[in-house]
Amino acid sequence: MVASELDEKLLIETAQRDPRHFAELYRIHFDRVYAYVSRRVATRSDAQDLTAEVFQQALANLGRFEWRGVPFAAWLYRIAANAITDHHHRTVRDQNVPPHPEPGQEELEGAERRAALYRAVRDLPADQRRVIEMRFAEGRTIAEIARMLGRSEGAVKQLQFRALGGLRARLDQDDA
């Protein structure tokens, strides 16, 4: 077993004995589960609700989890896939829309890349993070952001440039 597998197994066993330690598993896996769920539902609020549901179910069923050398994230993805299917059954039952198929390796890798991006954005300095969120998550223009932040457009462009450079470097480093 690799050291990270031993660490994960130990974390799981500790959380099984004392559910208060589940918070560390939540912290480690939240970004990837949220990224996985958010690609499969229509709204941010649905993604947030389903991600919360995944971790509630994981905590409730943690005692039944058996370590078999498979990453804990795989178990969380299975719970997420079931929650998404249930969500689609509840919301689109009348529209005869088929549920999402099982995720393939490519989809799981995409979720991992998005999770890494979310973590990298979260680690940016506050002013750069806010510009990136406003520009790309909220779809605002440079002029709108400048007005909202009380800065010049040039300053906002510079913050965006630095943030994107930092993200690129961080993600390149993670890929290496």
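The values are calculated or read from the model by the stated rules, or taken from the named source; none is laboratory data. Please read all numbers here as calculations on a predicted model, not as lab measurements. In this analysis, Cβ positions are derived from the backbone assuming ideal geometry, glycine residues included, and neighbour counts consider all displayed protein chains.
Some points to look at:
- Criterion: over 28 Å from Asp174 (Cβ atoms), modelled with pLDDT of 85 or more and surrounded by 11 or more Cβ atoms within 10 Å (Cβ to Cβ) - qualifying residue of Asp86, Asp127, Asp123, Asp31: Asp86
- Selected residue [of a type in the set (Val, Ile, Thr) and at pLDDT 90 or above] from Thr14, Thr91: Thr14
- Residues that are buried (at least 17 other Cβ atoms within 10 Å of the Cβ) and either more than 26 Å from Ser38 (Cβ to Cβ) or in contact (Cβ under 8 Å) with a residue 40 or more places away in the chain (or both), drawn from region 130-150: Ala146
- Taking the numbered list (1) surrounded by 17 or more Cβ atoms within 10 Å (Cβ to Cβ); (2) of a type in the set (Lys, Arg); (3) at pLDDT 90 or above in turn, Lys157 passes all entries but (1).
- Considering Leu167, Leu117, the condition of being out of contact with any strand residue (DSSP E or B) (no Cβ under 9 Å at 6 or more places or on another chain), outside the structural domain of Val37 (by TED's automatic domain parsing) and not basic (Lys, Arg) is satisfied by Leu167 alone.
- Filter result for Ala73 (modelled with pLDDT of 90 or more and surrounded by 15 or more Cβ atoms within 10 Å (Cβ to Cβ)): no
- Of the numbered criteria (1) at pLDDT below 80; (2) surrounded by fewer than 12 Cβ atoms within 10 Å (Cβ to Cβ), the one Arg68 fails is (1).
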